[in-house]
Amino acid sequence: MKIEFLPITHTKEEIEMGHCLRFNKSPKKMVISATANWNGFTPLNAVARSYGWDYDLIEAAAKACNESGEVAVITQLNPFLLLVPKTNNDKNLKSLFVDLIEAVNSLGVEELHLTHFGFVQSKLAINEINEILTMLENSDLETSLNKIYFDIDSRVQADVISYYKNILKVSTKGQVLLLES
């Protein structure tokens, strides 16, 4: 599986206000994974605006996702959306990621766009990123995925790539495309 880091550069205004206003749509149709954080100018809101999705549907799905603590699959949208409940460095991250991969497999998805780390407001959730990248590279998860597009805030891109290179040193299966901003 290939992982392509997509550096997301934000405007000065977005950074100062703490508002994610834009989402760079992929020219390909693929499934999008986002954190079920609907309140405010969040990445999920930016994705929904970009695709013109029904806000009431997204809001209800995000609420249900967070209340259940489980990954939600929304197939009424184009492209499909996978919502992951807010984790706040929760110890449940590994099981949520396994659930995300199972949702991907149930849809037969070959490419996934992870938007979770495209806008960093305060501190980089490096423990979550490390755990996800380690699971992708060092686990025996069976998946239909061939490629993951991994949004990363350009302000923390160098840190994430550095952590990932360390993970790759102990992995034998990784293929990564490191993009420069």
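Considering (1) at pLDDT below 75; (2) assigned to a helix (DSSP H, G or I), the lone condition that residue 131 does not fulfil carries the number (1).
Among the residues making up region 17-26, those that are out of contact with any Pro (no Cβ under 9 Å at 6 or more places or on another chain) and within 19 Å of residue 39 (Cβ to Cβ) are 17, 18, 19, 21, 22. Restricting region 150-164 to residues that are of a type in the set (Gly, Ala, Ser) and not in a loop (DSSP other than H, G, I, E, B) leaves a set whose member that is surrounded by the most Cβ atoms within 10 Å (Cβ to Cβ) is 158.
Within region 15-35, does at least one residue satisfy the condition of being within 17 Å of the chain's Cα centre (by Cα), small (Gly, Ala, Ser) and closer than 18 Å to residue 92 by Cβ? Checked region 15-35: at least one residue is within 17 Å of the chain's Cα centre (by Cα), small (Gly, Ala, Ser) and closer than 18 Å to residue 92 by Cβ.
Scanning region 25-41 for residues that are touching a residue at least 60 places away in the same chain (Cβ under 8 Å) and out of contact with any Leu (no Cβ under 6 Å at 6 or more places or on another chain), we see that the one that is nearest to residue 69 (Cα to Cα) is 35.
Each row is one residue, and each column tells you yes or no for (1) surrounded by fewer than 18 Cβ atoms within 10 Å (Cβ to Cβ); (2) touching a helix residue (DSSP H, G or I) at 6+ places or on another chain (Cβ under 8 Å); (3) at pLDDT 95 or above; (4) not aromatic (Phe, Trp, Tyr).
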{"site": "62", "(1), (2), (3), (4)": "no, yes, yes, yes"}
{"site": "67", "(1), (2), (3), (4)": "yes, no, no, yes"}
{"site": "78", "(1), (2), (3), (4)": "yes, yes, no, yes"}
{"site": "82", "(1), (2), (3), (4)": "no, yes, yes, yes"}
{"site": "85", "(1), (2), (3), (4)": "no, yes, no, yes"}
{"site": "88", "(1), (2), (3), (4)": "yes, no, no, yes"}
{"site": "91", "(1), (2), (3), (4)": "yes, no, no, yes"}
{"site": "94", "(1), (2), (3), (4)": "yes, yes, no, yes"}
{"site": "97", "(1), (2), (3), (4)": "no, yes, no, no"}
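Residues that are of a type in the set (Ser, Thr, Tyr) and touching a residue at least 24 places away in the same chain (Cβ under 8 Å) within region 98-126 comprise 106, 115, listed in sequence order. Among the candidates 104, 109, the residue that is outside any loop (DSSP other than H, G, I, E, B) and either under 27 Å from residue 1 (Cβ atoms) or not acidic (Asp, Glu) (or both) is uniquely 104. Go through the residues of region 19-41 one by one and say whether even a single one is assigned to a helix (DSSP H, G or I) and hydrophobic (A, V, I, L, M, F, W, C). For region 19-41, residues assigned to a helix (DSSP H, G or I) and hydrophobic (A, V, I, L, M, F, W, C): absent.
Considering only region 42-59, state which residues are among the aromatic types (Phe, Trp, Tyr) and either over 20 Å from residue 100 (Cβ atoms) or assigned to a loop (DSSP other than H, G, I, E, B) (or both). Passing the criteria: 53, 55. Here the condition is being polar (S, T, N, Q), farther than 22 Å from residue 160 by Cβ and within 16 Å of the chain's Cα centre (by Cα); of 39, 45, it holds for 45 alone.
The values are calculated or read from the model by the stated rules, or taken from the named source; none is laboratory data. Since the model is a prediction, treat every value here as computed from it, not as a measurement. Because the Cβ atoms are built from the backbone with ideal geometry, glycine has one as well, and the counts that use them run over all protein chains shown.
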